[in-house]
Amino acid sequence: MSPNWTAESVPSQQGRTVVITGANSGIGWETATVLAARGASVVLAVRDVDKGKQAAARITAASPGAHVTVQRLDLASLASVRAAAEELRADHPTIDLLINNAGVSHIPREITVDGFERQFATNHLGHFALTGLLLEAMLPVRGSRAVTVSAIAHRTPNGIDFDDLRRERSYNAMAVYGQSKLANLMFTHELQRRLSGGDTTIAVAAHPGLARTDLSRNASLSQRALFKALSPLLQSAAMGALPVLRAATDPDVRGGQYYGPGGSRPREARGYPTLAESSPASHDVAGQRRLWAVSEELTGVLFPV
């Protein structure tokens with residue numbers, strides 16, 4: 001048996017209901033494909049329903065009999081998040097896995113319909129709200145997990161700039177992306193602390209390393225040139241999905257853990273999934289609690305824990 005954790009290591013998911021955001025391409029689609037093949041009932045929660053249906057068709061073509069549905073979800077709109085959560089709860093009284101995967105990066109400054117900077121809104125606030133609204137459907141399910149996908153970029157910032165969340169004073173797309181990915185980890189750690197009194201649901205995080213996805217499609221010309229130069233270091237989206245799959249399905253995973261590629265050249269960029277250590281800033285308890293309070297205030301979502 002291979003010592004590496006691979007897609008073949010994923011145990012049976014028969015009878016489990018999985019919601020994956022941003023699952024029409026890249027890491028999300030690869031994750032959905034494996035889970036559906038293992039028997040899970042998979043919901044692709046996507047902004048573009050037509051692309052979601054095409055993605056679902058590709059999955060069922062590869063795994064005839066797989067149960068895959070599509071849910072419209074625009075994480076940059078709190079109204080859309082609430083509507084999607086209501087429909088998901090109606091269709092699925094219990095949810096075993098929520099994988100917060102969708103994200104945007106390297107985009108020009110943009111303000112959402114709710115008045116938030118788009119990267120922070122999509123990558124963090126939308127997922128914060130969705131998790132809070134779906135948690136009641138997860139808490140009764142033994143072994144349920146909320147898995148949030150972060151990134152190597154979370155290591156760049158030293159903390160969250162709470163005084164300029166709209167980025168009105170300055171805007172650097174890569175720096176703002178890094179803060180949103182740091183927020184993903186701080187959210188995971190604080191959620192796990194709040195869940196620790198129970199014995200069913202856990203919060204876990206993962207990152208794909210440097211993988212070939214379309215996440216940089218909105219990057220500037222100079223940034224795209226940088227990604228092209230880095231292309232020899234990139235691993236496939238299927239390999240990038242393995243840390244997410246491990247965080248979501250490995251029975252040995254514990255709450256608050258963080259998984260990523262275990263390769264050393266360059267560190268965390270490539271390789272099979274293993275336990276990773278997030279940055280010191282992600283473990284700042286005061287920062288975690290402040291982020292939680294700010295997120296509750298901005299989204300209007302209160303968690304049942």
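Bear in mind that the values in this text are calculations on the coordinates, not laboratory data. Predicted model, so just to flag it, every value in this text is computed and none were measured. Cβ: placed from backbone, ideal geometry, glycine included. Neighbour counts: every protein chain shown.
Taking residues in segment 137-149 that are in contact (Cβ under 8 Å) with a residue 40 or more places away in the chain and in a loop (DSSP other than H, G, I, E, B), and partners anywhere that are buried (at least 22 other Cβ atoms within 10 Å of the Cβ) and among the acidic types (Asp, Glu), the pairs with Cβ atoms closer than 9 Å and at least 6 places apart or on different chains are VAL141/ASP96; GLY143/ASP96; SER144/ASP96. Number of residues in segment 264-284 that are touching a residue at least 24 places away in the same chain (Cβ under 8 Å), of a type outside the set (Ser, Thr, Tyr) and either surrounded by fewer than 18 Cβ atoms within 10 Å (Cβ to Cβ) or in contact with a strand residue (DSSP E or B) (Cβ under 7 Å, 6 or more places away or on another chain) (or both) equals 8. Is it fair to say GLY26 is in contact with an Asp or Glu (Cβ under 7 Å, 6 or more places away or on another chain) and on the phi > 0 side of the Ramachandran plot? Considered against the rule, which asks whether it is in contact with an Asp or Glu (Cβ under 7 Å, 6 or more places away or on another chain) and on the phi > 0 side of the Ramachandran plot, GLY26 comes out as yes. The set of residues in segment 162-193 being touching a helix residue (DSSP H, G or I) at 6+ places or on another chain (Cβ under 7 Å), within 14 Å of SER295 (Cα to Cα) and either among the aromatic types (Phe, Trp, Tyr) or without any contact (Cβ under 8 Å) to a residue 40 or more places away in the chain (or both) consists of PHE162, PHE187. Being of a type in the set (A, V, I, L, M) and touching a helix residue (DSSP H, G or I) at 6+ places or on another chain (Cβ under 7 Å): is that true of VAL49 here? No. Please state which one of THR112, THR94 is of a type in the set (S, T, N, Q), in contact with a helix residue (DSSP H, G or I) (Cβ under 6 Å, 6 or more places away or on another chain) and over 28 Å from TYR171 (Cα atoms). Matching residue, one of THR112, THR94: THR94.
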